[in-house]
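First comes the structure, then the notes that go with it.
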There are 2 protein chains.
Amino acid sequence: MTTTTRGRIDKRQAILEGAFTVFAREGYAQACVQEIAREAGVAKPTVYNHMTDKATLFRHALEAAARRILEERVAALEPLAAPGDDLRATLEEVAHTLLRLHTDGRSCALRRLLYSEINHFPDILDIVKESGPDRLTHALADRLARLALAGRLRAADPDLAAEQFLALLLGPLEARTRLGTRELPDAELRTMAGVAVDAFVRAWGTAAA
Amino acid sequence: MTTTTRGRIDKRQAILEGAFTVFAREGYAQACVQEIAREAGVAKPTVYNHMTDKATLFRHALEAAARRILEERVAALEPLAAPGDDLRATLEEVAHTLLRLHTDGRSCALRRLLYSEINHFPDILDIVKESGPDRLTHALADRLARLALAGRLRAADPDLAAEQFLALLLGPLEARTRLGTRELPDAELRTMAGVAVDAFVRAWGTAAA
DNA sequence: CCTCTTTTGAACTCATGGGTTCAACATAAT
DNA sequence: ATTATGTTGAACCCATGAGTTCAAAAGAGG
């Protein structure tokens, strides 16, 4: 019975992953359940055996993908918990990691799906909400607040600082990656992280940093 | 013959506008030509009399909408051509106008359509390219370069300055408008313009400004 | 060997929608 | 009036795809 359950869980996972892949490639309306089943290595009725609808399949697939992506992003802030003497270097490291994660194929796909289906599925925003920029911004604001207390950043609104840090870092991505359709070489990511941190430190740094 | 031609042009315009409206509301795949025709106040065969395909209809509709939107945005930079004594005030005015334009329904719709159909229509990015952030960034960079020459901004890379100005200004929009699905009160737009300009001036300003 | 659950493939129903055809109609120019 | 062009509505053909049904396998537990 254990193996049976495992088997079921495996199928479910495969279905969710295959669904995300196909939805990402085709969009919601164009994706057909037949193809999702094929991608997941499963028969079509099996899909309907786990999910009632194409719509709920979509929601669950998005949720699963968003959860994975969220974990990576928040983990990327870790170095800020114990920044070394060189704050700028730590910021650049975090910035670079965030850029890499943000330009990842799955991230771009999720982003595109959110934008395209937000009209037909207004609730997906809430499903993904916590995983979206919000939780990342809050986690970053927490880190920055500690730095401000230590006198290494301006003591003003850390939420605003976090928002602007992410804006400086991620804003230019849209144009440079052509809405997420182009890969960026790692060297360019480093440069982008550098200039973003430069501007951020000029706007939010203190002499002590 | 003149009136006949005018009539044809009017129908064509109506079709393009109706198409954009429906595509924006439904997405490409979900939008049906029947409904576009209804929205444009026209019969279905008339649509096919002007456009060969649903696909080319989509492209033309996007192009027309993008052109309109572009004009507004570049025009919004006008005050920077002759900035008054108070550079910060001029920047805030421009910033506020850009925010208003960027949160406009048509702008958001265009943005969503780009994101959602970029996979099926890789060429729409080129069609809209000039109208996209690129041309705006360049136009802004030109203005900022003049200001730098006048000693009112850092003399470093004006393209980077423009990129970061727009990032600081527009980056926070995504989260605040919930991907363009929520209206923002004008007061919030003013506040956002203010804090973005503050940070920008701290990062790029000179004593002379 | 028997049983219960799950999976599978194939065929099926049914709705939607792209694109076309056609005959009737409107309009304006000659 | 006649002719040419454009529009219209309705009906039509045809492909696609969601969701279901079913009988046959496949696998685990007893």
Being more than 8 Å from every other protein chain (Cβ to nearest Cβ) and open to solvent by 60 Å² or more (accessible area, probe 1.4 Å) is the filter; apply it to the range A:105-126 and report the residue that is farthest from A:Arg73 (Cα to Cα). A:Asp126
Subset of the range A:35-83, residues within 14 Å of chain B (Cβ to nearest Cβ), within 16 Å of DNA strand C (Cβ to nearest atom) and not basic (Lys, Arg), comes to A:Ala55
So which residues in the range A:181-207 are outside any helix (DSSP H, G or I) and either among the β-branched types (Val, Ile, Thr) or in contact with a strand residue (DSSP E or B) (Cβ under 6 Å, 6 or more places away or on another chain) (or both), if there are any at all? A:Thr181, A:Thr206
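If I go through the range B:36-55 residue by residue, how many of them are of a type outside the set (Val, Ile, Thr), within 13 Å of DNA strand D (Cβ to nearest atom) and part of a helix (DSSP H, G or I)?
Residues that pass the stated criteria total 9.
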Do we have any residue at all in the range B:152-174 that's on the phi > 0 side of the Ramachandran plot and open to solvent by 30 Å² or more (accessible area, probe 1.4 Å)? no
Out of the range B:181-204, which residues are within 13 Å of chain A (Cβ to nearest Cβ) and open to solvent by less than 20 Å² (accessible area, probe 1.4 Å)? B:Met192, B:Gly194, B:Ala196, B:Val197, B:Ala199, B:Phe200, B:Ala203, B:Trp204
In the range B:8-34, anything within 13 Å of another protein chain (Cβ to nearest Cβ), among the hydrophobic types (A, V, I, L, M, F, W, C) and in contact (Cβ under 8 Å) with a residue 40 or more places away in the chain is listed as B:Phe23, B:Ala24
Kindly list the number of the only condition in (1) at the interface with chain A (Cβ under 8 Å from one of its Cβ atoms); (2) under 16 Å from A:Glu163 (Cα atoms) that fails for B:Thr137. (2)
Only one of (1) within 9 Å of another protein chain (Cβ to nearest Cβ); (2) more than 30 Å from A:His120 (Cα to Cα) does not apply to B:Gly151, and that is (1)
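The values are calculated or read from the model by the stated rules, or taken from the named source; none is laboratory data. Because the structure is a prediction, the values reported are computed rather than measured. Cβ sites come from the backbone with ideal geometry, for glycine too, and all protein chains shown count toward neighbours. Protein only, heavy atoms only, side chains kept; ligands, DNA and RNA dropped before computing areas. Shrake-Rupley method; radii C 1.70, N 1.55, O 1.52, S 1.80 Å.
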